[in-house]
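*Asks:* One structure is given below, represented as structure tokens, and several questions about it will come after.
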Amino acid sequence: MLTRRTALTAALAAPLAARAQPAWPNGPIRIMAPFPPGGSVDTIARLMAPSLQQALGVPVVVENRSGAAGALGTAAVARAAPDGQSWVLVFDSHATMAALNPNLGFDPRRDFAPVMLVATAPMLLTTPLSRPWQSLEQVVAAARARPETLTYGTVGAGSLSHLTMEVLQQRGDFRLVHVPYRGGGPLATAAAAGEIDLAIASRVGLGGQVGHRLRALAQSGARRSPALPDLPTMQEAGFPGVAAEAFWGMLGPAGVPQPVIRRFHAALVAALREATLRQRLVEGQGVDIVASSPEEFGAFLDRQMEQWGRVVRERNIRAD
């Protein structure tokens, strides 16, 4: 009798439990791009949005809210309701936020739910075509001859591109002048105009200028990218151990229900399998699609935060 009563109770409760779980998505989905328009985060988010919109059946809106090296827009999502309507596409700077600014106001790890490591890409050290250098070795020789004279631009102080250049200068015993910009769009514009001697960012972050107005000298990955098989790595140019890659990943506010995360993850996977989108990302923007699981992205962030946080502390680097 108790068994029958328990079964009846469960049967009656099931519709109530189903009704207690709100349908998702239940309105437009916001993807925060915490950098200015024209940069890599903005570009990748906008390329993915139409496919996600088709998969989920609701409008997917990309919102730019730049400032504080990505912290401003990222903080807005940390404070958003964990209902699956707000997400943020973060850049590699997410891994160094806490080390750069102890008073950030949110925890880049605990206050977010990992969804996917979307893609990675080597960073390219480039120079305007008007400059004479044809290789990283020639840049190093010029920098040693005139210390703290040559300039290099990045997407901001404490970005992975900045930290990579700090390690490169330390290993090579030369000094450049760092010029931080507030995102890939402003950096690409300045580099193409010849306002700086060097610029380092991913190919997508350089706004399609590589091979047109910018000459690539070296790539930062541990091995040569298939998209740039003739471009040497920094390690091959004489700097063993100097290797890093830009990355882009999707996060939601902490507390987003796991069924929602799984469905959004599935929509991302489906989008990234589309031939047209893959071509635009891989061939057009020079990124390597990863499409990790949420758990893999969480572990990846832990490693990145530990590795690059240590560089920030050792080099005593501060945010802009």
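Values in this text are rule-based calculations from the coordinates and carry no lab data. Note that the structure is predicted; figures quoted are calculated from it, not measured. All Cβ positions, even for glycine, are placed from backbone atoms using ideal geometry, and neighbour counts span all protein chains on display.
*Asks:* Could you work out the equivalent-ellipsoid semi-axes for the chain, taking the square root of 5 times each eigenvalue of the Cα gyration tensor, largest first, in whole Å?
*Replies:* Semi-axes (√(5λ), whole Å): 42, 20, 17.
*Asks:* A further question follows. Shape of segment 78-196 from its Cα gyration tensor (a ≥ b ≥ c, root eigenvalues): rounded if a/c is under 1.5, otherwise prolate when a/b > b/c, or oblate?
*Replies:* Because a/c hits 1.5 or more and a/b exceeds b/c, segment 78-196 counts as prolate.
*Asks:* Sticking with the crude label model, points 7 Å out along Cα→Cβ, report the distance from E283 to S130 in nm, one decimal please.
*Replies:* 3.4 nm
*Asks:* For the chain, what is the calculated [θ] at 222 nm in deg cm²/dmol (nearest 500), taking -39500 (n - 2.57) for each run of four or more DSSP H residues and dividing by its residue count?
*Replies:* Using -39500 (n - 2.57) per qualifying helix, the result is -12000 deg cm²/dmol.
*Asks:* Fewest to most neighbouring Cβ within 10 Å: what's the order for S220, S51, S161, S135?
*Replies:* Exposure proxy ranking, most exposed first: S135, S51, S220, S161.
*Asks:* Long-range amide H contacts for A218: which residues qualify at under 5 Å (H placed 1.01 Å from N, peptide plane, sequence gap of 5 or more or a different chain)?
*Replies:* Hits under the 5 Å cutoff: L125.
*Asks:* Pop the C-beta distance of A291 and R146 into the FRET formula with R0 = 56 Å and round what comes out to the nearest 0.05.
*Replies:* With a Förster radius of 56 Å, E is 0.80.
*Asks:* Distance in nm between label sites at R79 and R273, each 7 Å beyond Cα in the beta-carbon direction?
*Replies:* 3.9 nm
*Asks:* Tell me, how many Å apart are the Cα centres for segment 110-158 and for segment 77-98?
*Replies:* 25 Å
*Asks:* A further question follows. Could you give the longest part of the chain that holds none of the trypsin sites (Lys or Arg not before Pro) found in DSSP loops with at most 13 neighbouring Cβ atoms within 10 Å?
*Replies:* 111-222
*Asks:* Counting other beta carbons within 10 Å of each residue's own, what order do E63, E166 fall into, fewest first?
*Replies:* With the sparsest Cβ surroundings first, the list reads E63, E166.
*Asks:* Mind giving me the nanometre distance, one decimal, between the label points for R224 and Q54, set 7 Å out from Cα along Cα→Cβ?
*Replies:* It works out to 3.5 nm between the two label points.
*Asks:* Sticking with this structure for a sec: Expressed as a whole number of Å, what is the distance separating the alpha-carbon centroids of segment 203-251 and segment 184-199?
*Replies:* 16 Å
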